[in-house]
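Accompanying notes for the structure given below.
The values are calculated or read from the model by the stated rules, or taken from the named source; none is laboratory data. None of the values given here were measured: they were computed from a predicted structure. Note: ideal-geometry Cβ built from the backbone for every residue, glycine included; neighbour counts use all protein chains shown. Calculation scope for accessible area: heavy atoms of the full protein, side chains included, ligands and nucleic acids excluded. Shrake-Rupley method; radii C 1.70, N 1.55, O 1.52, S 1.80 Å.
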Amino acid sequence: MPRIGKTTAKRLQIEKRRYKAIHLRKSGATYRVIAAKLAGEYGTKYSWQAAYQDIETVLRQIREETRLGAEELVRLELERYDSYLLALAPKLQQGDTSAISEAIKISDRRSKLLGLDAPIQVKIQQGIESGLELELEQFLDSLRMALDRDVFVQVLTAVGTLQTRSPKVEGD
């Protein structure tokens, strides 16, 4: 039967403590409550700062695993696109228009995946009819959900700037 060294046993104890701390935090416990609950089991020197460090360590590990997982998925998807293009190559060289169309779709998808597309620019014309106001509100709500808060505020500021200008009327 293999022996567990002191280092391994201590590492297991730390991981177990972190596991308990993160689950208490997910349940809504504050760092002080977590420290109080775990201090009896892990020593009275287990403070709220130690609980905070344990939870931050676990969250950092999760973020790293997620980032690596996402990078792996992107790499896998890019390899798929490469294999699709390779399969289309003979037809592309013959000028097959349906193959060209499919290759463009693959290229478009690759660009989106890699974030190569230019940002979408939205132009709002003044003189919106009352029936379209609700649609505009719904559009702004969806924009708020899709954009980072700071970017959304910049969009609203830009729209406000447009409103202060004199409206363009057809025929001017």
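Quick grid of which residues meet (1) at pLDDT below 75; (2) of a type in the set (Val, Ile, Thr); (3) closer than 30 Å to GLU79 by Cβ; (4) surrounded by 12 or more Cβ atoms within 10 Å (Cβ to Cβ):
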residue: LYS91; (1), (2), (3), (4): no, no, yes, yes
residue: ILE100; (1), (2), (3), (4): no, yes, yes, yes
residue: SER107; (1), (2), (3), (4): no, no, yes, yes
residue: ARG110; (1), (2), (3), (4): no, no, yes, yes
residue: LYS123; (1), (2), (3), (4): yes, no, no, no
residue: LEU132; (1), (2), (3), (4): yes, no, no, no
residue: SER142; (1), (2), (3), (4): yes, no, no, no
residue: LEU147; (1), (2), (3), (4): yes, no, no, yes
residue: VAL159; (1), (2), (3), (4): yes, yes, no, yes
(request) Tell me which of these LEU38 doesn't satisfy, since it passes every other one: (1) open to solvent by 50 Å² or more (accessible area, probe 1.4 Å); (2) within 30 Å of GLU15 (Cα to Cα). (result) (1)
(message) So the check is Cβ under 6 Å with 6+ separation or different chains; which pairs have a first residue in the range 47-69 that's closer than 20 Å to ALA29 by Cβ and in contact (Cβ under 8 Å) with a residue 24 or more places away in the chain and a second one that's among the β-branched types (Val, Ile, Thr) and assigned to a helix (DSSP H, G or I)?
(response) ALA51/ILE34; ILE55/ILE22; VAL58/ILE22
(request) Please list, ordered by first then second residue, the pairs with beta carbon atoms under 7 Å, 6 or more apart or interchain, first in the range 77-105 and touching a residue at least 40 places away in the same chain (Cβ under 8 Å), second open to solvent by less than 70 Å² (accessible area, probe 1.4 Å) and of a type in the set (D, E, K, R). (result) none
(request) Can you confirm whether the range 56-78 contains a residue that is open to solvent by 50 Å² or more (accessible area, probe 1.4 Å) and more than 19 Å from the chain's Cα centre (by Cα)? (result) no
(request) Find all pairs meeting these conditions: Cβ atoms under 6 angstrom apart; at least six residues apart or on different chains; first residue within the range 9-30 and touching a residue at least 12 places away in the same chain (Cβ under 8 Å); second residue surrounded by 12 or more Cβ atoms within 10 Å (Cβ to Cβ) and charged (D, E, K, R). (result) ARG18/ASP54; ALA21/ASP54
(message) Please determine whether any residue of the range 34-54 is among the hydroxyl-bearing types (Ser, Thr, Tyr) and within 30 Å of ARG109 (Cβ to Cβ).
(response) no
(message) Can you find, within the range 41-55, the residue that is surrounded by the fewest Cβ atoms within 10 Å (Cβ to Cβ) among those that are among the aromatic types (Phe, Trp, Tyr) and over 28 Å from the mean Cα position of the chain (by Cα)?
(response) TRP48
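Within the bounds of the range 34-57, is there any residue that is part of a helix (DSSP H, G or I), within 30 Å of LEU114 (Cα to Cα) and at pLDDT 90 or above?
Step one: of the range 34-57, the residues part of a helix (DSSP H, G or I) are 34-42, 48-57.
The next check asks that each one be within 30 Å of LEU114 (Cα to Cα); those that pass are 56-57.
If we keep only those that are at pLDDT 90 or above too, we end up with 56-57.
Yes.
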(request) List the number of the failed condition for SER83; all other conditions in (1) open to solvent by less than 80 Å² (accessible area, probe 1.4 Å); (2) under 24 Å from the mean Cα position of the chain (by Cα) hold. (result) (2)
